[in-house]
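The values are calculated or read from the model by the stated rules, or taken from the named source; none is laboratory data. Treat the numbers as computed from the prediction; the structure is a model and nothing was measured. Ideal geometry is used to build each Cβ from the backbone, glycine not excepted, and the neighbour counts take in all protein chains shown.
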């Protein structure tokens with residue numbers, strides 16, 4: 001009897017999934033505001049202006065409006081030892097990919113050092129921070145969904161001290177936890 005119930009349910013599930021896929025695909029394509037291609041050259045910012053928080057140079061690679069708010073990507077160049085304060089994002093996953101150098105990450109209670117070609121995810125609502133362990137490292141970072149991260153980096157541009165303050169960080173759907181444990 002169970003086999004017969006499964007055989008009857010399987011086609012219904014397959015048909016249901018066929019209808020769900022096109023609906024999802026249409027929804028995803030409708031959320032993208034600009035279908036044009038926007039190549040960004042190596043070392044360049046998508047909008048033509050680099051940003052700094054004092055411990056690295058930032059280049060925006062994919063802007064929030066290009067993905068309907070689903071993704072924001074930045075490149076951290078010349079990442080120095082120290083890094084941002086320990087913090088968490090209420091609604092964003094943050095994915096890190098090491099392009100060059102060596103970077104130590106603290107995600108939750110786990111500390112791990114990664115080299116070029118390695119990556120790690122900091123899930124939403126989990127405290128995290130990072131620091132180069134060599135004079136300079138190079139990272140690619142993605143925030144999904146984008147949330148207020150692009151605006152945070154725009155507003156903090158050129159003022160690393162302000163960008164690390166609890167009152168400032170907490171305005172952008174993040175929570176400041178503590179100063180960077182990597183600062184000496």
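Would you say residue 77 is assigned to a strand (DSSP E or B), under 23 Å from residue 49 (Cβ atoms) and in the same structural domain as residue 154 (by TED's automatic domain parsing)? Here the answer is yes, as residue 77 does meet what is asked.
Residues of region 91-111 include at least one that is within 20 Å of residue 42 (Cα to Cα), over 16 Å from the mean Cα position of the chain (by Cα) and in a loop (DSSP other than H, G, I, E, B). Filter region 100-112 down to the residues that are on the phi < 0 side of the Ramachandran plot and either surrounded by 13 or more Cβ atoms within 10 Å (Cβ to Cβ) or not assigned by TED's automatic domain parsing to the domain that holds residue 71 (or both) and list them by number. 100, 102, 103, 104, 105, 106, 107, listed by residue number. Could we say that residue 162 is free of Cβ contacts under 8 Å to residues at least 12 places away in the same chain, more than 20 Å from residue 59 (Cβ to Cβ) and touching a helix residue (DSSP H, G or I) at 6+ places or on another chain (Cβ under 9 Å) here? Spelling it out, residue 162 is indeed free of Cβ contacts under 8 Å to residues at least 12 places away in the same chain, more than 20 Å from residue 59 (Cβ to Cβ) and touching a helix residue (DSSP H, G or I) at 6+ places or on another chain (Cβ under 9 Å). The residue that is modelled with the highest pLDDT, counting only those in region 33-53 that are under 17 Å from residue 71 (Cβ atoms) and loosely packed, with under 11 Cβ neighbours inside 10 Å, is 39. On the stretch given as region 125-146, residues that are buried (at least 21 other Cβ atoms within 10 Å of the Cβ) and not in a strand (DSSP E or B) total 1.
Being at pLDDT 95 or above, in a helix (DSSP H, G or I) and surrounded by 15 or more Cβ atoms within 10 Å (Cβ to Cβ) is a description that applies to residue 169.
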